[in-house]
Structure formats: structure tokens, C-alpha cells
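Engineer: Input: one structure, supplied below.
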Amino acid sequence: MNAAARPGPPLWLLAELTYRCPLHCVFCYNPVDFARQEDEISTDDWLKVLREGRELGAVQLGLSGGEPLLRDDLEIIVAEARRLGFYSNLLTSGVGLTEARAAALKAAGLDHVQLSFQDSTREMNDFLSHTKTFSLKNKVAKIIKDQGWPMVMNVVIHRLNIDHIDRIIGMAHEMGAEYLELANTQYYSWAFLNRSQLLPTHEQLRQAEAVTDAWRAKLGETMRIFFVAPDYHEGKAKKCVNGWGSMFMTIAPDGAALPCHTARMLPGLAFPNVREMSLRDIWFDSEGFNRYRGTGWMKEPCSSCAHKEEDLGGCRCQAYMLAQDAAAADPVCRLSPQHHVVQAAVAEAAAPKVTEHPLLFRDPVNSRRLTEPAR
């Protein structure tokens, strides 16, 4: 960390309440070994996290998973968040959000619901999630509107649905969404395993952005559309969650405190548990949060780069996955010595496919099989 760079507070606290989920999405960012991580902290532990987070300065609370509605204590957690003054956001597949549960969450003080869809048709939505949930999601969208929450829809974009952008935006508009996030897949965890199937071509991205811009011009302020571009095609690194340990803290279901969703994959880093250490001590003093703060840890070409304060070297998990070195320049950057790895992946996406690898769906069987210890 830089000598004078004592961090500000973690403004955004993401509570990953559980890794349990009824969906089996091929792009899920939950760890590949999630089935071996069955431990979940208690209600009291979560309430302690909220109190300590608020004392530390956190103001935004994301309630995520897995599927957070699988926690029976969700209303208790939401109520405490409201009492403490958090703005709370439920990120959900919609499974389990009945009219009664929605009313209870509204009464507890939930501010915001973000509903995920996988595509605009029953066939593709249900295929990509490996479930029959499209009709349910449509019902949940109406429940959200009926409760007076902002209608926020999220669709993860990849090669298997990017050509449906026009229909996806049309669906969101018909449902009365005020916000639509078209989040191009980031290739970690399950998405990384399925990258050869999911990475779109340059031409697909160009067309999708053109369609999105046309809808923006048509709808004006009626619905705000956010198109999150993928790293691989830009040749430019992005700050990891706005900078490692600068404003974002994730608490995993077992209580591990992480600077980003996937940081636990990095070797040689210890991430404290909220059962054993206060959030204040974790945030300011733990090695896990300090290792890649600021720019003092950087190697070349990042350490002398004119843009190092803008991108802070990019994503540490991506550097580890693609360069086998968490302290390397993010290989999506065109200045990285390993940029050719990303270029090869993009070229492969554009090449005609002779054979397709089968998609690996996020489920406990695949999780245990893929992480079976070597014998």
C-alpha cells in the first residue's frame, strides 16, 4: 500500500448469505468448489456484521448468494439493515419471492430488488439456468412492481444470448423496468470454465451496442439501460471493484471477508473470518485487504505506467487465472506481456467451431467432481 494511502470506509457491503441456489447458471461467479463450502454463519453473526459495517461507514448493503431468499432469516437481516440506516438491495433469481414474502420484506424495510433473467424466451432462459423458471420470473416482476420497488432487471450477456439483445430490452420495457443492466460476462469461476462457449465475437458486441443505443434513443429516460462491456475485447484494464480494498467488502457465507467476490482463489493470501476478527481490523489491518491496495505492490509494466492510478493494475484474480501471477499486469491490458492469452481467446471466439465443449452447469455434482482432490 502507498505510504499515505490509508483507505476510506467500505461504502458497499455485499452479504453473500448462502451459496445454495435453485439455479445452475453456466456463468455463475460463485466459487467452483461451492459444494464443499457448506458452512454458513448464523443470524447473530450477520447482525454483528451489519452493525460493525455501519460503524465503519458502509452505506450500501447488497444481499446476494446463491439465492438469498433461501435464508429463513432474511427478513430479520433486512430489518436490522433498515434500523442501522443501510440502503438495502436484494439480488435474486426470483425463486421464493411470493406475494407474502415480498410483503414481509417490504415491511422489514427492503429498499430495492434486482431480478435476474437469463434470456427473453422461456426456452433459452430455462436452458441457461437449467431450470424451469421463466414463467415464475415474469410473475415475480409483477410482484416487485406491485410492492412499489424500483423495477431493476439484470441479464448476464454472453455468446448464447447476445444476439437476442433487442428482444431482451423489449421484454424489460414491456415489464415496466426502470433500470436494465446488460452485464457482459466476466470470466471467473463457472464462466471461466465455460469461456469457449460464452465469449462473444467483436461483431456480436458491435451489433449489441448498436441495438442498445437505438433503444436508448427510443426510450429516453423511460428506462435506463446500462451496457457493461467485457474486458477481453477492450484492451484496457478496469479497476477491480473500484480498487482493491478501496470501497467494497464481500462477506462470504462462511464469514470470510474478501476484497472481491472471487479473491479466495488467490494463493498465499489469508482472508480473516468475521467470527474471529472485527470488520474494522479486517478492513484496515489484514494482509488480505492490504496486499494489493494502492500501487506500491506493482511490478512492471504497471509500476511505471501513466495509467496506473486509473486502473490500479486491473483485476488480480484475472491476472492469476491468465498469467499465473496475482501481481502481474491484468492480461486484458494491451501493455501486458501476457495480452496474447486474451487475444487468443478472442480469436478462438471468432473462429468456426469444429467441436463444442459441453457446458458445465453450476451444480453440486459438477462442483464436487471438478474439485475432487488428486489421488
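The values are calculated or read from the model by the stated rules, or taken from the named source; none is laboratory data. All of these numbers come straight from a predicted model, not from anything done at the bench. Please note: Cβ atoms are built from the backbone with ideal geometry, for glycine as well, and neighbour counts cover all protein chains shown. For the accessible areas, the whole protein counts, side chains as well, though only heavy atoms, and no ligand, DNA or RNA atoms are used. Shrake-Rupley method; radii C 1.70, N 1.55, O 1.52, S 1.80 Å.
Engineer: How long are the semi-axes of the equivalent ellipsoid of the stretch 287-330, taking √(5λ) for every eigenvalue λ of the Cα gyration tensor, in whole Å from largest down?
Structural biologist: Computed over the stretch 287-330, the values are 15, 13, 8 Å.
Engineer: Would you work out what percent of the accessible area of the stretch 254-331, with all protein chains in place, is carbon or sulfur (probe 1.4 Å)?
Structural biologist: Here it works out to 49 percent.
Engineer: Treating only the Cβ of Lys, Arg, Asp and Glu as charged (+1, +1, -1, -1), what charge dipole size does the chain show about its Cα centre? Round to the nearest 20 debye.
Structural biologist: I would put it at about 180 debye.
Engineer: In whole percent, how big is the carbon plus sulfur part of the accessible area of the stretch 73-209, probe 1.4 Å, protein atoms only?
Structural biologist: Carbon plus sulfur share of accessible area: 54 percent.
Engineer: Could you tally the net charge around Asn184, taking each other residue with its Cβ under 11 Å from the Cβ of Asn184, Lys/Arg +1 and Asp/Glu -1?
Structural biologist: -3
Engineer: What residue among Gln147, Cys302, Cys28 has its Cα farthest toward the positive end of the dipole of the chain, where the charges are +1 on Lys, Arg and -1 on Asp, Glu, each on the Cβ?
Structural biologist: Farthest towards the positive pole: Cys302.
Engineer: Then there's this: Let me check I have the definition right: for the stretch 46-93, take the eigenvalues of the Cα gyration tensor, multiply each by 5, take square roots. What are those semi-axes in whole Å, largest first?
Structural biologist: Listed largest to smallest, the semi-axes of the stretch 46-93 are 18, 11, 9 Å.
Engineer: Same structure, new question: Could you work out the Rg to Rh ratio of the chain, with Rh taken as the Kirkwood radius (inverse of the mean 1/r over all Cα pairs)?
Structural biologist: In the chain, Rg relative to Rh is 0.95.
Engineer: When the Kirkwood radius is taken over all Cα pairs of the stretch 147-230, what Stokes-Einstein diffusion coefficient follows at 4 °C and 1.567 mPa s, in µm²/s?
Structural biologist: D, rounded to a whole number, is 97 µm²/s.
Engineer: Taking the chain as a Gaussian network, Cα atoms linked when under 10 Å apart, which of Pro352, Pro364, Pro68 shows the biggest mean-square fluctuation?
Structural biologist: Most flexible of the set in this elastic network: Pro352.
Engineer: Of Asn161, Ala214, Gly176, which is farthest along the charge dipole of the stretch 146-244 in the positive direction, counting Lys and Arg as +1 and Asp and Glu as -1 at C-beta?
Structural biologist: With unit charges placed on the Cβ atoms, the residue in question is Asn161.
Engineer: Another question about this same structure. So what's Rg/Rh here for the stretch 323-375, counting alpha carbon atoms and using the Kirkwood radius for Rh? Can you show the working numbers first?
Structural biologist: Values: Rg = 15.8 Å, Rh = 14.2 Å.
Here Rg/Rh amounts to 1.11.
Engineer: Another question, if that's okay. Kindly report the accessible area of the chain per residue (heavy atoms of protein chains, probe 1.4 Å, no ligands, DNA or RNA), in Å².
Structural biologist: Details: 16050 Å² over 375 residues.
Here the residues of the chain average 43 Å² of exposed surface.
Engineer: I've got another one for you. Cα-Cα pairs above 22 Å in the stretch 182-316: how many percent?
Structural biologist: When all Cα pairs of the stretch 182-316 are counted, 53 percent exceed 22 Å.
Engineer: Within the stretch 183-224, list the GluC sites (Glu not before Pro) lying in a DSSP loop whose Cβ has at most 16 other Cβ atoms in a 10 Å radius.
Structural biologist: Passing both the DSSP loop test and the Cβ count: Glu221.
Engineer: Okay, moving on. Restricting to the chain, what percent of DSSP beta bridges are antiparallel, rounded to 5?
Structural biologist: Taking every DSSP beta bridge with both residues in the chain, the antiparallel ones total about 10 percent.
Engineer: If one puts a single equal scatterer on every Cα of the stretch 195-248 and applies the Debye formula without solvent, what log₁₀ I(q)/I(0) results at q = 0.18, 0.27, 0.31 Å⁻¹?
Structural biologist: Result of the Debye calculation: -0.82, -1.03, -1.16.
Engineer: Given the rule -39500 (n - 2.57) for each run of at least 4 DSSP H residues, summed and divided by the residues of the chain, what is its mean residue ellipticity at 222 nm, to the nearest 500 deg cm²/dmol? Provide the component values of the computation, followed by the final result.
Structural biologist: Numbers: 15 runs with 135 residues, N = 375.
Theoretical 222 nm ellipticity from helices: -10000 deg cm²/dmol.
Engineer: Between beta-carbons, use under 12 Å as the cut-off and find the net charge around His164, counting Lys and Arg +1, Asp and Glu -1.
Structural biologist: So the surrounding residues net to -2.
Engineer: At 37 °C and a viscosity of 0.692 mPa s, what translational diffusion coefficient does Stokes-Einstein give for the stretch 107-165, taking Rh as the Kirkwood radius over Cα pairs? Give it in µm²/s as a whole number.
Structural biologist: 265 µm²/s
Engineer: Straight-line reach from Lys106: which lysines have a Cα under 26 Å away, not including same-chain ones fewer than 8 places off?
Structural biologist: Lys48, Lys137, Lys139, Lys142, Lys145
Engineer: Can you give the local net charge around Asp119? Use residues other than it whose beta-carbon is closer than 15 angstrom to its beta-carbon, Lys and Arg +1, Asp and Glu -1. Display every interim value, and only then the final one.
Structural biologist: Details: positive: Arg122, Lys132, Lys137, Arg159, Arg167; negative: Glu123, Asp126, Asp163, Asp166, Glu174, Glu181.
Net of charged neighbours comes to -1.
Engineer: Report the charge-dipole magnitude of the stretch 261-318 in Debye, nearest 20, computed about the Cα centre from +1 at each Lys and Arg Cβ and -1 at each Asp and Glu Cβ.
Structural biologist: Its charge dipole is roughly 160 debye.
Engineer: Please work out whether the stretch 232-373 counts as rounded, prolate or oblate from its C-alpha gyration tensor, where a ≥ b ≥ c are the square roots of the eigenvalues and a/c under 1.5 means rounded, while otherwise a/b larger than b/c means prolate and anything else oblate?
Structural biologist: Judged from the Cα gyration tensor, the stretch 232-373 comes out oblate (a/c at least 1.5, b/c at or above a/b).
Engineer: Would the stretch 143-184 count as rounded, prolate or oblate if I go by the C-alpha gyration tensor, calling it rounded below 1.5 in a/c and otherwise prolate when a/b exceeds b/c, oblate otherwise?
Structural biologist: Prolate shape, in that a/c is at least 1.5 and a/b is the bigger ratio.
Engineer: How would you classify the stretch 237-308 from its alpha-carbon gyration tensor, with a ≥ b ≥ c the square roots of the eigenvalues: rounded for a/c under 1.5, else prolate if a/b is greater than b/c, otherwise oblate?
Structural biologist: Cα axes put the stretch 237-308 in the prolate bin.
Engineer: A follow-up question, please. How large is the dipole of the stretch 177-286 about the Cα centre if only Lys and Arg carry +1 and Asp and Glu carry -1, each at its Cβ, rounded to the nearest 20 debye?
Structural biologist: For the stretch 177-286, the charge dipole is close to 120 debye.
Engineer: Among the lysines, which fall within straight-line cross-link reach of Lys299, defined as a Cα-Cα distance under 29 Å, with same-chain neighbours fewer than 8 residues apart omitted?
Structural biologist: Lys236, Lys238, Lys239, Lys308
Engineer: For the stretch 68-110 and the stretch 235-256, what is the centre-to-centre distance using only Cα atoms, to the nearest Å?
Structural biologist: The stretch 68-110 and the stretch 235-256 have Cα centres separated by 24 Å.
Engineer: What ratio of Cα Rg to 2.2 N^0.38 Å holds for the stretch 16-135?
Structural biologist: 1.11
Engineer: Moving on. Compute the separation of the alpha-carbon centres of the stretch 128-191 and the stretch 322-375 and state it in Å as a whole number.
Structural biologist: So the separation of the two Cα centres works out to 25 Å.
Engineer: Moving to a separate point now. For the chain, what is the relative contact order in percent, using Cα pairs closer than 8 Å and at least 6 residues apart in sequence?
Structural biologist: 21 percent
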